[in-house]
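Data first, discussion second: the structure below is written as structure tokens.
Read-outs: derived from the displayed coordinates by stated rules, not from any lab. Because the structure is predicted, anything quoted here is derived from the model rather than measured. Methodologically, a virtual Cβ is constructed for each residue, glycine included, from the backbone with ideal geometry; neighbour enumeration extends over all protein chains shown.
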Amino acid sequence: MFLATSNKARRLLYTCYIRQVRADEIRTGLDEVRTLLMELSPGFRLLVDFTQFEAMDPDCLPEVGKMMELVAGGGVSTVVRVIPDPSKDVGMNILALFHYPRSIQFFNCESMTEAAKYLSP
């Protein structure tokens, strides 16, 4: 499952990958994120939550790349990923090299508590 929401006041886009993620869920998520980006001004931050993540179908990776490009085009300034289990990192750092501009700051965290340090105004 893929979920997305935003908090305009905090200039934050939140995405969450839960259990087994399929490509069609990411495709649907692209439309949701596109709508959410209209509420956010450039310079917003992205919090990517993998705390409930188990696995991703291999055909999801091109869709995740499209998601990264969409968010980059919306003006993201900082990406904070919460990945408590490093063995479940599906190559986000490698994908980021190809789909995000170098000007974006990245932080990988093991917990939401750690992520909060990078998301505080």
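Key figures for this structure:
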{"item": "Only listed residue being surrounded by fewer than 17 Cβ atoms within 10 Å (Cβ to Cβ), in a helix (DSSP H, G or I) and among the aromatic types (Phe, Trp, Tyr), chosen from Phe107, Phe98", "result": "Phe98"}
{"item": "Any pair with Cβ under 6 angstrom, 6 or more apart, that starts in the stretch 29-58 at a residue that is farther than 26 Å from Ser103 by Cβ and ends at one that is in a loop (DSSP other than H, G, I, E, B)", "result": "Thr51/Pro84; Met56/Val90; Asp57/Arg22"}
{"item": "Single residue of the stretch 31-41 satisfying the filter (in contact with a helix residue (DSSP H, G or I) (Cβ under 9 Å, 6 or more places away or on another chain) and buried (at least 17 other Cβ atoms within 10 Å of the Cβ)) that is farthest from Gly74 (Cα to Cα)", "result": "Val33"}
{"item": "Scope the stretch 66-80; condition surrounded by 21 or more Cβ atoms within 10 Å (Cβ to Cβ) and in a strand (DSSP E or B); matching residues", "result": "Val79, Val80"}
{"item": "Odd one out for Asp49, checked against (1) outside any helix (DSSP H, G or I); (2) among the acidic types (Asp, Glu); (3) out of contact with any Cys (no Cβ under 8 Å at 6 or more places or on another chain)", "result": "(3)"}
{"item": "Qualifying residue in the stretch 28-45 (condition: under 22 Å from Asn108 (Cβ atoms) and assigned to a strand (DSSP E or B))", "result": "yes"}
{"item": "Filtered residue count, the stretch 1-54, keeping only those that are closer than 18 Å to Gly65 by Cβ and aromatic (Phe, Trp, Tyr)", "result": "4"}
{"item": "Residue check, Phe44 buried (at least 19 other Cβ atoms within 10 Å of the Cβ), within 21 Å of Met1 (Cα to Cα) and among the aromatic types (Phe, Trp, Tyr)", "result": "no"}
{"item": "Search result, residues across the stretch 8-27 that are assigned to a strand (DSSP E or B), surrounded by 15 or more Cβ atoms within 10 Å (Cβ to Cβ) and without any contact (Cβ under 8 Å) to a residue 40 or more places away in the chain", "result": "Tyr14, Cys16, Tyr17, Ile18, Val21"}
